[in-house]
Amino acid sequence: MKQPLNPRLVLLVATILPGSGQVLNRQPIRGLTFVFFIILLGAFTLKTASPEVSLVGKLAGGLFVWALAMMDAYKTARVRFEVWRHAQPR
């Protein structure tokens, strides 16, 4: 069994580019789904937020989904890494 990627590396890449952590975890459709909802909810909150709200507030929907995507990518990579590690002969 091939060693999976380091979960911290997956988290770093997912932090830089949304959806890429899922692609590294060999889940490209899941990554594209996260990107779709990041754009959708980011655009929604951008259009519906009042003018005096900060930029972070205006993009809160997209940023929230981005954070979920980062946690999802890390969790998947961590589980795969631990399963691989425990399957190794001692």
Subject >> Residues within segment 29-65 that are of a type outside the set (Phe, Trp, Tyr) and in contact with a Pro (Cβ under 7 Å, 6 or more places away or on another chain), tallied >> reply: 2
Subject >> Segments classed as helices (runs of 4 or more DSSP H), wholly inside segment 1-72, with at least 2 members that are at pLDDT 95 or above and under 28 Å from His86 (Cβ atoms) >> reply: 7-16, 20-24, 28-48
Original post:
So is Asn6 in contact (Cβ under 8 Å) with a residue 40 or more places away in the chain, out of contact with any Leu (no Cβ under 7 Å at 6 or more places or on another chain) and either small (Gly, Ala, Ser) or surrounded by fewer than 15 Cβ atoms within 10 Å (Cβ to Cβ) (or both) or not?
Top reply: yes
Subject >> Matching residues in segment 46-59 - criterion: being under 26 Å from Val13 (Cβ atoms) and surrounded by fewer than 18 Cβ atoms within 10 Å (Cβ to Cβ) >> reply: Leu46, Leu55, Val56
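The values are calculated or read from the model by the stated rules, or taken from the named source; none is laboratory data. The structure presented is a predicted model; accordingly, all values stated were derived computationally and were not measured. Glycine gets a Cβ as well: all are built from the backbone with ideal geometry, and neighbour counts include every protein chain shown.
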